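To keep things clear, I will list the structure first and then write my remarks on it.
The values are calculated or read from the model by the stated rules, or taken from the named source; none is laboratory data. All of these numbers come straight from a predicted model, not from anything done at the bench. Counting neighbours? That spans all protein chains shown, and the Cβs are built from the backbone with ideal geometry, glycine included.
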Amino acid sequence: MKSALLLLIFSFTSVFGVAQKGNKYQTDTFRVYGNCGMCEERIENALDIVGIRSAQWDEKTQMLTVTFVSEKISIQEIHQICANIGHATEKMKADEKAYANLHHCCKYIKHNHEENQNH
Ligand SMILES: [Cu+2]
């Protein structure tokens, strides 16, 4: 009888532990510079990784909403991933090479006078 009670307590605590583990999602919204649907695809695909539950980038507002497991990935790393693929964020500059390789419609930096009109 005593051991059955102990078992009951054990199973309760383990179920509670699992439930807690599954609830460590964190959501953040921040600006990621971009232009179009291609940018959206590029950003969301790059963030389709372990530790990130969902990533939604909005073309009109240029805001990224990301839900992630803070134990697996940090918000800094998420900014870094965007920067690495050529998309600057409100905290991080874009990788220059990656930016240079973006499709011309995705180049979000606007110059006062157009230097290259080759498209
Ligand atoms: Cu684009």
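Remarks
- Some residue of the range 72-79 being without any contact (Cβ under 8 Å) to a residue 60 or more places away in the chain and either among the basic types (Lys, Arg) or in a strand (DSSP E or B) (or both): yes
- Residue match in the range 97-106 (condition: surrounded by fewer than 14 Cβ atoms within 10 Å (Cβ to Cβ), within 28 Å of Lys24 (Cα to Cα), at pLDDT 95 or above and within 11 Å of the ligand (Cβ to nearest atom)): no
- Hits in the range 85-96 (condition: within 15 Å of the ligand (Cβ to nearest atom) and β-branched (Val, Ile, Thr)): Ile85
- Within the range 84-98, residues that are closer than 13 Å to Cys39 by Cβ reach partners that are part of a loop (DSSP other than H, G, I, E, B) and charged (D, E, K, R) with beta carbons closer than 8 Å, at six or more positions or on different chains, in the pairs Ile85/Asp95; Gly86/Asp95.
- Selection count, the range 33-49, where residues are part of a loop (DSSP other than H, G, I, E, B) and more than 12 Å from the ligand (Cβ to nearest atom): 3
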